[in-house]
Amino acid sequence: MGKTKHPVTPAVRALRAAGVSFEPRPYAYVEHGGTQRSAEALGMDEHAVIKTLVLERDDGAPIVVLMHGDRRVSTKRVAKEIGAKSVRPCDPAVVTKHTGYVVGGTSPFGTRKSLPVIMQASIAALPRVVINGGKRGFLVELTPQDMIAALDPMLADVAVSPEE
């Protein structure tokens, strides 16, 4: 059985350099399909599809937030965790400037600039996850522990709570 061919993105290079074992998970990308579309295409629970969001602090500094595909990020909680007055989503052009990736293909691995990462703490309890591999329609499957080792994220509860 031959090796599976997949894109060699900066994310793939970063994972290889970190010695992280991953499984390539390509799928047919659909514009604005989000994690629901990728979960369906891969036959996975959307909770295990991790989205990579790039937010901007009130001082303009970017931060990466990793969240379950079926949950939303609380910008209030993120701001509190990082000691900022507020955070907001980055404009797509700014995301590309900071990460080197386009929206829909943004990976936390191999970003153009080293960015701080906050990971929803409950992700660590999952056995395996899929996350963007640096290209639209290309995810990588790995363990949350390998993701933590490669990214050294701050683990925090930054999901929107029922009362928000």
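Laboratory data are not the source of any read-out in this text; all were calculated from the coordinates shown. Given the structure is predicted, the values throughout are model-derived calculations rather than measurements. Here the Cβ positions follow ideal geometry from the backbone for every residue, glycine too, while neighbour counts run over all protein chains shown.
For the peptides 147-160, 19-32, residues were scored by their other Cβ atoms within 10 Å and the scores averaged per peptide; the highest-first order is 147-160, 19-32. Computed per residue of the chain from DSSP H runs no shorter than four, each worth -39500 (n - 2.57), the mean residue ellipticity at 222 nm is -7000 deg cm²/dmol. Of interest is the spacing of the C-alpha centroids, which for the stretch 58-76 and the stretch 107-163 amounts to 11 Å.
Among I131, I123, I82, which one shows the highest mean-square fluctuation when the chain is modelled as a Gaussian network with alpha-carbon springs under 10 Å? Comparing I131, I123, I82 in the GNM, the peak value goes to I82. Taking 18 Å as the straight-line reach from the Cα of K80, the aspartates and glutamates in range (excluding those fewer than 8 positions away in the same chain) are E56, D58, D59, D157, E163, E164. Taking 28 Å as the straight-line reach from the Cα of K135, the lysines in range (excluding those fewer than 8 positions away in the same chain) are K3, K5, K51, K97, K113.
Working from label points 7 Å from Cα in the Cα-to-Cβ sense, the E40 to V8 distance is 3.5 nm. Match the structure shown to one of the listed values (i) 0.94; (ii) 1.09; (iii) 0.97 of Rg/Rh (Cα atoms, Kirkwood Rh), computed from it, and give that label. The value computed from this structure is option (i).
With contacts taken as Cα pairs under 8 Å and at least 6 residues apart, the stretch 1-148 reaches a relative contact order of 30 percent.
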